[in-house]
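The structure appears right after this line, and notes come after that.
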Protein chains: 2
Amino acid sequence: MTRDVQPSPGFEPDGEGSCPIREVLDRVGDTWSMLVIFNLRQGPQRFNALRRSIEGISQRMLTVTLRSLERDGLVARRVKPVSPPEVEYSLTELGHSLSGPIDALGSWASEHRSALRAARAAFDAENG
Amino acid sequence: MTRDVQPSPGFEPDGEGSCPIREVLDRVGDTWSMLVIFNLRQGPQRFNALRRSIEGISQRMLTVTLRSLERDGLVARRVKPVSPPEVEYSLTELGHSLSGPIDALGSWASEHRSALRAARAAFDAENG
DNA sequence: CTGGATCCGTACCGATACTG
DNA sequence: CAGTATCGGTACGGATCCAG
């Protein structure tokens, strides 16, 4: 890591060669993961319900994202052996524990979205 | 958005057609933005110091990321008119306000990284 | 030292067609 | 309904060279 300053909590290499922030972002820092977790907070949902809840997500990306979250133990997949097939996705305990931090991010976004837009508009006005 | 359930705070469309979570992720959801903000919490830093602090970031991506953060009003850029040139980056107030949520994410990552890895290992063992 | 500009491979991601 | 498979455009991001 080669740092000479004291890192903040959550940034330590932790003897694994990669800081936790980096690791969590590699997991859920993509476009859809956090949105899926956010939607599943309300309770278990089926594939297409989830698809409709998340504006703009494609079938493929929902599948890929769910697999990734399942792989990391954040989301559980339960298949009901009926016809037509019914698959229910829900947050695991680990997944629920992550919804706190995501909430914090969401709240921040709600509070500061206008400030963000203003800053961006000002910057774009000054420059090209 | 076409939802029939009550959304959680921070997920409302807010009359803008895009939920805040989505918007904040579009801004800082990339590989490097949060890491840069995280590093700047310690205080203002110069370009190459920052570069050394963030393992694996290329010169180009640091430049691009800093520009993006500056554009959104999260990071301030201050040039000292000396030779050789000295450029100092620091968090704006808005940037500092975001470090809270990022901390939450970092703390979560620190606490649960082993659980994540275990889950992933278990999943990979069962499957491919 | 602090970048901008360019080249270029790669990985992401949407669209489409197909399966159980 | 809940996926899988494949194709192809796009944008991310590293390497390199150049400039103030």
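Give me the dipole magnitude in Debye, nearest 20, for the protein assembly as shown about the Cα centre, with unit charges on the beta carbon: positive for Lys and Arg, negative for Asp and Glu.
On the way: 32 positive and 34 negative charges, 96 e Å.
Using only the charged Cβ atoms, the result is roughly 460 debye.
Express the accessible area of region A:55-125 per residue in Å², computed with a 1.4 Å probe while the remaining protein chains stay in the model.
Working: 3510 Å² over 71 residues.
Here the per-residue accessible area is 49 Å².
Once you compute Rg and the Kirkwood Rh from C-alpha atoms, what is the Rg to Rh ratio for region A:12-90?
Rounded to two decimals, Rg over Rh is 1.06.
What is the magnitude of the charge dipole of chain B about its Cα centre, with +1 placed on the Cβ of each Lys and Arg, -1 on the Cβ of each Asp and Glu, and no other charges, expressed in debye to the nearest 20?
Details: 16 positive and 17 negative charges, 149 e Å.
Using only the charged Cβ atoms, the result is roughly 720 debye.
Taking the dipole about the Cα centre of chain B, with the C-beta of Lys and Arg at +1 and of Asp and Glu at -1, give me whichever of B:G73, B:Q59, B:S90 is farthest to the positive side.
Selected residue: B:Q59.
At a Förster radius of 45 Å, what calculated FRET efficiency corresponds to the Cβ-Cβ distance of A:A125 and B:A122, to the nearest 0.05?
On the way: r = 52 Å, r/R0 = 1.16.
Computed FRET efficiency for A:A125 and B:A122 comes out at 0.30.
Need the full-extension length gain, A:Q59 to A:R77, defined as separation in residues times 0.36 nm minus the C-alpha distance. One decimal, nm. Write down the numbers at each step before the final one.
Values: separation 18, 0.36 × 18 = 6.48 nm, distance 1.63 nm.
This chain segment gains 4.8 nm when fully extended.
List, shortest first and in nm to one decimal, how far the label point of A:R60 (7 Å from Cα along Cα→Cβ) is from its counterparts in the other copies.
Going from nearest to farthest copy, the values are 2.4 nm.
Ordered shortest first, which distances in nm separate the 7 Å Cα→C-beta label point of B:E93 from those of the other copies?
Inter-copy label distances (nm, one decimal, shortest first): 4.3.
The values are calculated or read from the model by the stated rules, or taken from the named source; none is laboratory data. Values in this document were obtained by computation on a predicted structure and should not be read as measured data. Virtual Cβ from ideal backbone geometry, glycine too; neighbours counted across all protein chains shown. Just so you know, the surface numbers come from the protein's heavy atoms only, side chains and all, with ligands and any DNA or RNA stripped out. Shrake-Rupley method; radii C 1.70, N 1.55, O 1.52, S 1.80 Å.
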